[in-house]
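The values are calculated or read from the model by the stated rules, or taken from the named source; none is laboratory data. Keep in mind the model is a prediction, meaning the values are calculated, not measured. Neighbour counts run over all protein chains shown; Cβ positions are idealised from the backbone, glycine included. Only protein heavy atoms, including side chains, enter the accessible area calculation; ligands, DNA and RNA are left aside. Shrake-Rupley method; radii C 1.70, N 1.55, O 1.52, S 1.80 Å.
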Amino acid sequence: MGADDPAPVLEENASGRSPFLLISDHYGREIPRALGDLGLAESELGRHIAWDVGIAGVADALSKHLDAHLIAQRYSRLVIDCNRPPQAPSSIPRISESTVIPGNEALSHEAAEARRREVFDPYHRHIRDVIDRRQRDHLPTVLVALHSFTPVYANIARPWHVGTLYRRDSGLPSLLLKCFRAQADLVVGDNEPYAVSEETDYTIPVHGEARGLLNSGIEIRQDLITEEAGQREWAERLANIFGEIEIELRAQAALV
């Protein structure tokens, strides 16, 4: 990281009073200047392999709708994936969705550690510190990890418009699934198109489950949010759903 490179953590509405803490691990597609373009054409860097297409606009608008704190990663998942354990083979991918990443080939241990130290660690340290502060201030905290997914993977079409991701804690996902399924125009995935595991995920296991927070991942199919209009529509849809869920959680005295 050079002096001209932006800080890894992007933060919006840090004083927001919503119980929902929004996290976006694949929000940005920045690459430190020293790494150039990782050997990839610009057309490749605009694909899902580099970031979650469309999720930045959804996250920004949802943060405003809910008055919710948003913490996001500015750097591309090709630099280091902030939703993978650093020891996972996919943490710094050499091949992503059949695309070779030249700038990640034959990477030394020292170079990989520098990416972890300068991009991954500050991001997750900040999430940890924010949760610590919220707990000290007795602010209820519900962790929501925002992602998008491709309409087709390995030549197989994915029918879902939206899905919830979870593992041990189904409290928030069950409420989300109920609200999503009440909308007749949606095909809803329950732990689809992915499921959470300690081997392939970091944010929910570490900041959600290990901290005892209500938590869920949300995946939106990226063709629905590629354009700004779709991002606004989904932010409004999610804001309405989270408004309903907050009322229900408060009635259950489940916000801690």
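Residue count for region 21-55, restricted to those that are open to solvent by 20 Å² or more (accessible area, probe 1.4 Å), in contact with a helix residue (DSSP H, G or I) (Cβ under 8 Å, 6 or more places away or on another chain) and small (Gly, Ala, Ser): 2.
Restricting attention to region 73-91, the residues that are out of contact with any His (no Cβ under 9 Å at 6 or more places or on another chain), open to solvent by less than 20 Å² (accessible area, probe 1.4 Å) and touching a residue at least 60 places away in the same chain (Cβ under 8 Å) add up to 3.
Close contacts from region 92-116, counting a first residue that is under 16 Å from residue 42 (Cα atoms) and a second that is small (Gly, Ala, Ser), with Cβ to Cβ under 8 Å and a gap of 6+ residues or different chains, come to 101/39; 102/39; 103/36; 103/39. Within region 183-190, is there a residue that is buried (at least 21 other Cβ atoms within 10 Å of the Cβ), closer than 24 Å to residue 57 by Cβ and not aromatic (Phe, Trp, Tyr)? The answer is yes, given that some residue of region 183-190 is buried (at least 21 other Cβ atoms within 10 Å of the Cβ), closer than 24 Å to residue 57 by Cβ and not aromatic (Phe, Trp, Tyr). One residue alone among 10, 38, 62, 21 is part of a helix (DSSP H, G or I), touching a residue at least 40 places away in the same chain (Cβ under 8 Å) and either over 17 Å from the mean Cα position of the chain (by Cα) or under 23 Å from residue 206 (Cβ atoms) (or both), and that residue is 62.
Under the condition of being more than 30 Å from residue 138 (Cβ to Cβ) and out of contact with any Lys or Arg (no Cβ under 8 Å at 6 or more places or on another chain), the residues counted in region 193-235 number 17. Residues that are of a type in the set (A, V, I, L, M, F, W, C) and assigned to a loop (DSSP other than H, G, I, E, B) within region 219-256 comprise 225, 253, 254, 255, 256, listed in sequence order.
Conditions tested, residue by residue: (1) small (Gly, Ala, Ser); (2) within 19 Å of the chain's Cα centre (by Cα).
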position: 173; (1), (2): no, yes
position: 183; (1), (2): no, no
position: 189; (1), (2): yes, yes
position: 210; (1), (2): yes, yes
position: 218; (1), (2): no, yes
position: 229; (1), (2): yes, no
position: 242; (1), (2): no, yes
position: 251; (1), (2): yes, no
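Of the residues making up region 194-218, those that are buried (at least 18 other Cβ atoms within 10 Å of the Cβ) and either in contact with a Cys (Cβ under 7 Å, 6 or more places away or on another chain) or in a loop (DSSP other than H, G, I, E, B) (or both) are 196, 201, 202, 213. Can you tell me which residue in region 139-182 is modelled with the lowest pLDDT, limited to those that are hydrophobic (A, V, I, L, M, F, W, C) and open to solvent by 60 Å² or more (accessible area, probe 1.4 Å)? Here the answer is 154.
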